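The values are calculated or read from the model by the stated rules, or taken from the named source; none is laboratory data. Everything numeric in this text was worked out from a predicted model, so none of it was measured. Here Cβ is always computed from backbone atoms with ideal geometry, including for glycine, and neighbour counts include all displayed protein chains. Remember, those area values only see protein heavy atoms, side chains included, never the ligands or the DNA or RNA. Shrake-Rupley method; radii C 1.70, N 1.55, O 1.52, S 1.80 Å.
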Amino acid sequence: MTGRVWIAVATALLAFWLMLGRGMAADLTAEIGRLDTSSFTEKEKAIAAIAATGHARVAAVLTALSDNKLLIRKADRLAVIGEGKGTLRIENATTGEALGEAAETDLDKIAINNKIRRQLKTILGGLTLFSDDPAVRLKAANDIFRTRDLSSLEPLRNALAKEQDPPVKQVMAEALAALVLVSDAPEAEKLAAVLTVKARGDQDAISLLASIAQGSDAVARSAAETLRGLEWTRSLWAAVQNAVYGLSLGSVLLLAAIGLAITFGVMRVINMAHGEMVMIGAYVTFLVQDVLRNSAPFLLDQSLFIAIPLAFLITALIGMAIERGIIRFLYGRPLETLLATWGLSLILQQGVRSLFGPTNREVSTPSWMSGSIELGAISLTANRLAIIVFALLVFAGLLLLLRHTRFGLEMRAVTQNRPMANAMGIHTARIDAFTFGLGSGIAGIAGVALSQIDNVSPNLGQSYIIDSFMVVVFGGVGNLWGTLVAAFTLGIANKFLEPFAGAVLGKILVLVFIILFIQKRPRGLFALKGRAVEA
């Protein structure tokens, strides 16, 4: 008997649930039908009624209306959601049931205006506050903070009371504080809201506080004081960001100039084709990625680790060939060397242009170098930070090579006193070839790094050759530490000058500074020591 009673109760509950579901569906169908009118006022009322039904399809229907995908089938005036163009895939707006396809001409659009769009955005924002996805709830809270629509106040309070995810809860609290500040809430509540908005500290928070700080009451005075503190903090973070960007630019200049510092310092050769070694290194990266993309796509994320040794080897061999084939016949004639290497740079550019075309080539960034890192109020891109680390590693490796290997010892000897080094049995011609190859090889791996932040084109090297010479001269010819300090100094100086003077005028000011500095210290920041150098 008891079992029969439970079966009867369950059957009654199921019947009631089905009736309720049909009732909700019927209500939703009726309210959607009210959208089939030319009156925007009636549409606003219908949208509010649709949201009030609480049906599971409300979000889908209102999203489709916002995206102009909610349509009326002309044959029976049924509301449908359409996807596509020309011939659309349609589904019943109320049930989600697929209805096949329909020509666009057989469907009427439901027109909406900007007021209705704002209404939809507010309602959908309230609905997404209770989404199962934390990312959706976070976006909804941020949208409310920016729009500050007071109709979201009560849904936001309810969502905040139920929220368990700490980051989402924090943003919801900030959004609630923003709504409190633009509402007619008590003064004490608004003063507390100012402190909550201050904790956010971004540009949206500054804009909100600036709009509140116009009056003379206690809330306006508190907002104005908070605003001054936030602007000071943001100016400090902006200075930090400029410094980091300056280090990033300096690391690029270091990579491009360090090979030039070696060849110019040891051999006194003004190599105008140095930029083309950088360009060749970038094209080696493109070719490596192109091969891997077609034959071994699973290795694409490791393409840079393959490209770096290849670029070094190829450009080093090209550099040695240039030294043996051209430079060795022009030692002691700097003007002829400059003209010869400048002509060679034009030949290399045209050769690459003939092989790969004049347009930019795409070089993808590995996933581990993509994205950005949030640091306080600033965002730093991962690829720029990776290049800073890479430049410092190259610099450290080069120092170890010069300080702790026989080749480094012989190269330093040739730098300081070539005739004495020759007399001591050092094969200076071989050192010259290897040194030129080393400088060119480093330029090649600089091209690998630059391919991640600049366009890979035949003109890539020309963008850095002048700056590289300025770094070498400013730091001290042939001095690696001078090159490091000069590169980072010029990089930071450029980034701090650009907001005030612009990019072009900033470079001109830096050039004028270097000219004046060289007048005072002709050998640069760190002059080399040695009898030959001092003679």
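Under 8 Å for C-alpha pairs, at least 6 residues apart: give me the relative contact order for segment 299-422, rounded to a whole percent.
The normalised contact order for segment 299-422 reaches 14 percent.
Pop the C-beta distance of T95 and N455 into the FRET formula with R0 = 45 Å and round what comes out to the nearest 0.05. Display every interim value, and only then the final one.
Details: r = 52 Å, r/R0 = 1.15.
Once rounded, the FRET efficiency stands at 0.30.
Give the Rg/Rh ratio for segment 189-242, taking Rg as the radius of gyration of the Cα atoms and Rh as the Kirkwood radius, to two decimals. Please list the in-between numbers first.
Working: Rg = 11.3 Å, Rh = 11.2 Å.
Answer for segment 189-242: 1.01.
Among all the lysines, which ones have a C-alpha under 22 Å from K74's C-alpha, if same-chain residues fewer than 8 places away are not counted?
K43, K85, K109
For segment 435-492, just run the numbers: alpha carbon Rg, then divide by 2.2 N^0.38 Å, N being how many residues it has.
1.17
Taking the inverse of the average 1/r across all pairs of different Cα atoms in segment 208-308, what Kirkwood radius in Å do you get?
18.7 Å
May I ask for the distance between the Cα centers of segment 336-400 and segment 29-82, given as a whole number of Å?
54 Å
Could you check the spin-label model distance between L399 and S38? Points 7 Å from the Cα along Cα→Cβ, value in nm.
So the two model labels end up 8.0 nm from each other.
Grab the other residues whose beta carbon is less than 15 angstrom from that of D143, score K and R as +1, D and E as -1, and report the net.
Computed value for this residue: +3.
Quick check on the chain: what does the Kirkwood estimate of hydrodynamic radius come out to from the alpha carbon pairs, in Å?
29.2 Å
What is the dipole size for the chain, taken about its Cα centre, with +1 at each Lys and Arg Cβ and -1 at each Asp and Glu Cβ, in debye to the nearest 20?
Value, rounded to 20: 1660 debye.
Tell me, what is a quarter of the convex hull surface for the C-alpha atoms of segment 379-450, in nm² with one decimal?
On the way: hull surface 21.8 nm².
Quarter of the Cα hull surface area: 5.5 nm².
Among I280, V80, N113, whose Cα sits farthest toward the positive end of the charge dipole of the chain (+1 at Cβ of Lys/Arg, -1 at Cβ of Asp/Glu, about the Cα centre)?
Looking along the dipole axis, the top candidate is I280.
Putting +1 on Lys and Arg Cβ atoms and -1 on Asp and Glu Cβ atoms, find which of T53, A296, N459 reaches farthest to the positive end of the dipole of the chain.
Farthest towards the positive pole: N459.
So what is the diffusion coefficient of segment 459-522 in µm² per second by Stokes-Einstein at 37 °C and 0.692 mPa s, using a Kirkwood Rh over Cα pairs?
Rounded, D is 271 µm²/s.
Using the alpha carbon gyration tensor of segment 25-64, what are the three equivalent-ellipsoid semi-axes (square root of 5 times each eigenvalue), largest first, in whole Å?
Rounded to whole Å, the semi-axes are 16, 10, 9.
How much length is gained on full extension from R328 to Q462, taking 0.36 nm per residue of separation minus their Cα-Cα distance?
Full-extension gain reported as 45.8 nm.
Using only alpha-carbon positions, what ratio does the radius of gyration of segment 139-198 give when scaled by 2.2 N^0.38 Å?
Dividing the Cα Rg of segment 139-198 by 2.2 N^0.38 Å gives 1.01.
Which listed residue (P167, L227, S211) has the Cα farthest towards the positive end of the charge dipole for segment 127-277, taking +1 on Lys and Arg C-beta and -1 on Asp and Glu C-beta about the Cα centre?
L227
Any idea how far apart R521 and A423 come out in nm if each label point goes 7 Å out from Cα toward Cβ?
3.2 nm
On average, how much accessible surface per residue is there in segment 49-92, in Å², for a 1.4 Å probe, leaving out ligands, DNA and RNA?
Result: 47 Å² per residue.
Provide M172, M470 ordered by accessible surface of protein heavy atoms (probe 1.4 Å), highest first.
Largest accessible area first, the list is M470, M172.
Assigning unit charges at the beta carbon (Lys, Arg +1; Asp, Glu -1) and nothing else, what dipole magnitude in debye, to the nearest 20, does segment 145-205 show about its Cα centre?
It works out to roughly 100 debye.
With r defined as the distance between the Cβ atoms of R268 and W232 and R0 fixed at 51 Å, what FRET efficiency is calculated, to the nearest 0.05?
The formula returns an efficiency of 0.50 here.
Please report the carbon-and-sulfur percent of the accessible area for the chain; probe 1.4 Å, protein heavy atoms only, DNA, RNA and ligands left out. Could you put the intermediate results ahead of the total?
On the way: 17010 of 27080 Å².
Answer for the chain: carbon and sulfur cover 63 percent of the accessible area.
Would you please name the trypsin sites (Lys or Arg not before Pro) within segment 61-104 that are DSSP coil residues with at most 16 other C-beta atoms within 10 Å of their C-beta?
Filter output for segment 61-104: K74, R77, K85.
Skip the ligands, DNA and RNA, and give the accessible area per residue of segment 162-256 with a 1.4 Å probe, whole Å².
Per-residue accessible area for segment 162-256 comes out at 47 Å².
Determine the gain in length on full extension of the stretch R117-D132; use 0.36 nm per residue of separation and subtract their C-alpha separation, reporting nm with one decimal.
Roughly 3.0 nm would be gained on extension.
Counting alpha carbon pairs within less than 8 Å and at least 6 residues apart, what relative contact order, in whole percent, applies to segment 241-365? Could the numbers behind the result be given before it?
Values: 71 pairs, mean separation 41.7, N = 125.
Contact order relative to length: 33 percent.
In percent, how large is the relative contact order of segment 99-238, given Cα pairs closer than 8 Å and 6 or more residues apart?
Value for segment 99-238: 15 percent.
What is the calculated FRET efficiency for Q164 to D67, with r their C-beta to C-beta distance and R₀ = 41 Å, to the nearest 0.05?
Values: r = 31 Å, r/R0 = 0.75.
The computed FRET efficiency comes out at 0.85.
If you take the C-alpha gyration tensor of segment 71-164, multiply each eigenvalue by 5 and take the square root, what semi-axes do you get, largest first, in whole Å?
33, 15, 11
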